[in-house]
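Below is one structure; the comments refer to it alone.
Throughout, read-outs are computed from the coordinates displayed, never taken from laboratory work. Since the structure is predicted, the reported quantities are computational estimates derived from the model, not experimental observations. Here the Cβ is made from the backbone with ideal geometry for all residues, glycine too, and neighbour counts use every protein chain on show.
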Amino acid sequence: MRKVELGTPVVLGNMLLVPILGDDLCLKVIPLDEGLSQGASVEEVGYINRVVVKNPLEDPLFIMDGEELIGALQDRIAVYSAVVEGNKEEPLEVVCVEKGRWEGEERQFHTGFSAFPKLRMTLTFEGVTRVSQDKVWKLVENKLTTLRVSSATMSLHHSFTAREQELELYTKWDPPEDCVGVMAFSNRGFLCCDIFGSQRIFKSLKDKLLKGYALDALEDRIKGKSFKLDLNQVQRIWKDIQQSKAISSNRVVGCKQEILASSKVKGKRSLYMEKSLHETFFPSK
């Protein structure tokens, strides 16, 4: 069994980060940003809940759940973590995070950041077949309103660009070399936990993830909620994560996806080559 353990906590403003240290499972996949720079593409197909990923490379391409796909006819985010094998193309299920636009000449997407935990949690618990697109738009609208961001097209991405300087403060962290994931807490308590099968993948996605977490932390700060450092809560949540069990499973693009649950957390695990490529957890309530 893979050994993972908690590292030394770090406080960035009103966000507590707890590194997760572990062995590298040596999964030979490349993150989406790297793949796009080498000739892979994510392209518009004219449907709100679907794009196509083309991978002409030899290495498998990894897309993380909640990862922003910017441009084309409207901005989207990936619903689940997926792997597109080398020299293949696959449809990918997405949801729209830009309500006020359906136009543009460019058919290829570029990447942005990672959706905030509450939105990722909604997709994890409900899935693309059940989640309401209106509910996603409402979550984006609420975030824009709370962060006092004006967006003519109601785009989630404008939350990141408008608050760029503040969000940068939440990424001033150099994780240990053997870091494979992180737990995040803010004023509201436990936000999210992401664990990857590769130290390299975590390192490449770290800033995206932290800025997504930071959208929730920044919202808490604006609302004036008090921030209390509770290391006992960290241990309780970590224990629940370790005790979580698979309650259902299904196939997604390139992976087996398991829904995980325990008394205080719920999440999902993406298995690739029978190894855990990505696990993500949220508070169950």
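General remarks:
- Relative contact order of the range 4-283, taken over Cα pairs closer than 8 Å and 6 or more residues apart, is 19 percent.
- Among 144, 96, 277 the positive-end extreme of the charge dipole of the chain (Cβ point charges): 144
- Estimated Rh, the chain: Kirkwood, alpha-carbon pairs, angstrom: 18.9
- Fluctuation leader among 141, 98, 106 - the chain, Gaussian network, Cα springs under 10 angstrom: 106
- Ranked for footprinting exposure by Cβ neighbours inside 10 Å, fewest first, 231, 17, 209 give 231, 17, 209.
- Across 11, 234, 94, mean-square fluctuation computed from a Gaussian network of the chain (C-alpha pairs under 10 Å connected) peaks at 11.
- Under 5 Å between amide hydrogens, built in the peptide plane, is the criterion, and for residue 266 it picks out 282, 284 among residues at least 5 positions away or on other chains.
- Cβ-based charge dipole, the chain, positive-most Cα from 227, 180, 82: 227
- Alpha-carbon centroids, the range 78-100 and the range 1-45: separation in whole Å: 18
- Listed by chain and number, the lysines whose alpha-carbon sits under 20 Å from that of residue 28, ignoring those within fewer than 8 places in the same chain, are 3, 54, 88, 203, 206, 256, 275.
- Converting the Cα gyration tensor eigenvalues of the range 110-179 into ellipsoid dimensions via √(5λ) gives semi-axes, longest first, of 24, 19, 10 Å.
- Positive-pole candidate from 15, 55, 26, dipole of the range 1-86, charges at beta carbon: 15
- Of 65, 240, 134, the residue with the greatest mean-square motion in the GNM of the chain, using alpha carbon springs below 10 Å, is 134.
- Scaling against 2.2 N^0.38 Å puts the C-alpha radius of gyration of the range 182-284 at 1.15.
- Unit charges on C-beta of K, R, D, E only; dipole of the range 4-283, Debye: 1200
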